[in-house]
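Novice: So that we are looking at the same thing, I have put the structure below in structure tokens.
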Amino acid sequence: MVLCLAACASRTPAPVEDRTPRPPPPVVSLPAPPPVVEAPPAPAPDLRPQSYTVKRGDTVQKIALDHGLDYRELAAWNNLENINVIRAGQVLRLTAPPTESASAAASAVQTAPLKTVPSLATGDASPAPAGSSGTRTNTETYKSQPKAFKEPYSEQALRDAQRGGTAAASSPLPPEPIPPVIVARTDPKPAAEPPPAVARVDPKPAPVPPDGDEKVDWVWPVKGKILTGFSEAASLKGIDIAGTSGQAIAASAAGKVVYAGTGLRGYGKLIIVKHNATYLSAYAHNKEILVKEGQQVNRGQRIAEMGNTDADQVKLHFEIRRQGKPVDPLRYLPPA
């Protein structure tokens, strides 16, 4: 019996395992990061000069075309009464004149002088008017106090002065209030840590590609065979497109007609459309001009009929100019 009891006492109890199902960790949905907005590209710097010196053979229309401007604005900026009268050596400004200086507006602002209030210590404050309500001013209180006087030195005067100072020092002061003490109650048992959260991040949206500076949606002004391509070295400022007399010519992009006439030598009947502050397009050798200066035109709108004015054959001479400088139109037009 003793051996059996010893054997039973040496056995260790079986471990108790808690098989209660635990809830899954909560899924915390984190807010999606803000979309990355790329800053729009900075506008291309304006490389055009601020002024131009007139040369022999120049016209206001030619100067404006070479600098991507409206010739009427150019004439207004330089106070030209007759756009057909300019002389060699004359300096023309190529930008709008400055507006009224802000200093003129600032000079119209008047500054009021500051009012000074006399100090009460000087005794210059005027007494309150009779019949007015309110407490007595500091000045009146000061005047109502007895004046100090000086006594000759003596032992009795010294004792009186010491008694007066002791009495003033021994006057009881009101006790300062004691702020309440706030005791924070703490739980001796640490709080159970929550199960780890599973973060879920929403997918990052794709950034929106920015547009180019002064973007223009170009179309072909006319369909036909290209006779001559652009060549900066050979001073070919555009492309020549063959066609038939009277064939419709369309605006290559929306814009404003800034010139329509025959004032530029070598272009015949010419139309210039300004699309924005950077680009303009030119359409030369037309048979008929169907638009007027200052008119707004849409992309693909019929603006002229093909011809051979000031040219050896029927064709359209087409140019695209960026800040007045000719560029290759084939780099901007869609594939034919």
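Novice: With the cut-off at 1.5 for a/c, could you classify the stretch 210-336 from its C-alpha gyration tensor as rounded, prolate or oblate? Display every interim value, and only then the final one.
Specialist: Numbers: a/c = 1.45, a/b = 1.19, b/c = 1.21.
Cα axes put the stretch 210-336 in the rounded bin.
Novice: Further question on the same structure: From the phi of every residue in the stretch 65-73, what ³J(HN,Hα) in whole Hz does the Karplus formula 6.51 cos²θ - 1.76 cosθ + 1.60 yield, where θ is phi - 60° and glycine or proline is x?
Specialist: 5, 5, 10, x, 10, 8, 5, 5, 5
Novice: Do any of 62/223; 215/287; 256/325; 225/256; 269/315 go past 24 Å between their Cα atoms, and which?
Specialist: Numbers: 62/223 28 Å; 215/287 31 Å; 256/325 19 Å; 225/256 27 Å; 269/315 12 Å.
Exceeds cut-off: 62/223; 215/287; 225/256.
Novice: Now for a different question. Hey, rough spin-label estimate for residue 322 and residue 256, points 7 angstrom out along Cα→Cβ, what's it come to in nanometres?
Specialist: 2.3
Novice: Would you tally the net charge around residue 74, using a Cβ to Cβ cut-off of less than 13 Å, leaving residue 74 out, and scoring K and R as +1, D and E as -1?
Specialist: Residues near residue 74 contribute +1 overall.
FYI, it's all coordinate maths here, none of it is from the lab. Only a predicted model underlies this, so the values are computations on that prediction, with no experimental measurement involved. So basically every Cβ, Gly included, is an ideal-geometry build from the backbone, and we count neighbours across all protein chains shown.
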